[in-house]
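Chemist: Attaching a single structure in structure tokens format; questions to follow.
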Amino acid sequence: MSTQLRLGLPILFRLNTVILYFAGTGLVVMTAIVAWQVFCRYVLNDSPSWTEPGAVILMSWFIFLGAAVGVRENNHMGFDVLLYALPSAAKKWLRMISDIVIFAFGLGMIWYGSNLVTLTWNTTLPALGISGAWDYVPLVGGGILIVLFSLERIIVRALGAPIDDALDEIVPTEVAVELENIPDIQKDAADAEHFGKKG
């Protein structure tokens, strides 16, 4: 791994952590805004007009920021059944293809999100008094971060870093759940057998 990339990774790690905290804070603030809206509507009988669009913009931010963190930490949704049947070398290529698709998706978010920002820049959200473009800025911001984090994964993997080794050791969620429940299943089977003999 090159020195330049080694210097870049801690920066992206810190950026990832900051983004995660921002997303979490956005979730908490959005929950507080929605709670205030419900209180105002049902207790004070006077719901503020800014709460709903404000909560939606915050939700957009923490969704797209959280998606970017998921890309960096490889926690994004995926159809990974095929991965468990393939040899290690094939898994690496399949994950590389996945990261390239995510990279392209991030570019699409930036491109189309920027177009929407440009189209709505001169509009105003009446309840908030800000530009309508702010509805789509989270799409662009999330796209930039997704491109950055997926590009990091592509480069690190191409340089031969073992970023997939830890993933190969993880037991699939479905199997882990079944393994976790084996004592319960054995107990249920023993109880059924016991009751069967009694009956």
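Chemist: Using a 1.4 Å probe on the protein heavy atoms only, what accessible surface does residue 86 show? Give it in Å² to the nearest 10.
Modeler: 50
Chemist: Multiplying the sequence separation of residue 107 and residue 94 by 0.36 nm and subtracting their Cα-Cα distance, what value in nm do you get?
Modeler: Gain on extension, residue 107 to residue 94, equals 2.7 nm.
Chemist: According to a simple spin-label model (label point 7 Å from Cα along Cα-to-Cβ), what is the distance in nm between residue 43 and residue 130?
Modeler: 2.6
Chemist: For a distance above 15 Å, tell me the whole-number percent of Cα pairs in the stretch 56-118 that qualify.
Modeler: 63
Chemist: Moving on. So if each residue of separation counts as 0.36 nm, and I subtract the Cα-Cα distance between residue 82 and residue 25, what length gain in nm does that give?
Modeler: Net length gain for the segment: 16.9 nm.
Chemist: Note down the relative contact order for the stretch 1-156 as a percent, whole number, built from C-alpha pairs under 8 angstrom at least six residues apart.
Modeler: 27
The values are calculated or read from the model by the stated rules, or taken from the named source; none is laboratory data. Source: prediction; values computed, not measured. Glycine also receives a Cβ, built like all others from the backbone with ideal geometry; neighbour counts cover every protein chain displayed. Note: accessible area is taken over every heavy atom of the protein model, side chains too, but ligands, DNA and RNA are not part of it. Shrake-Rupley method; radii C 1.70, N 1.55, O 1.52, S 1.80 Å.
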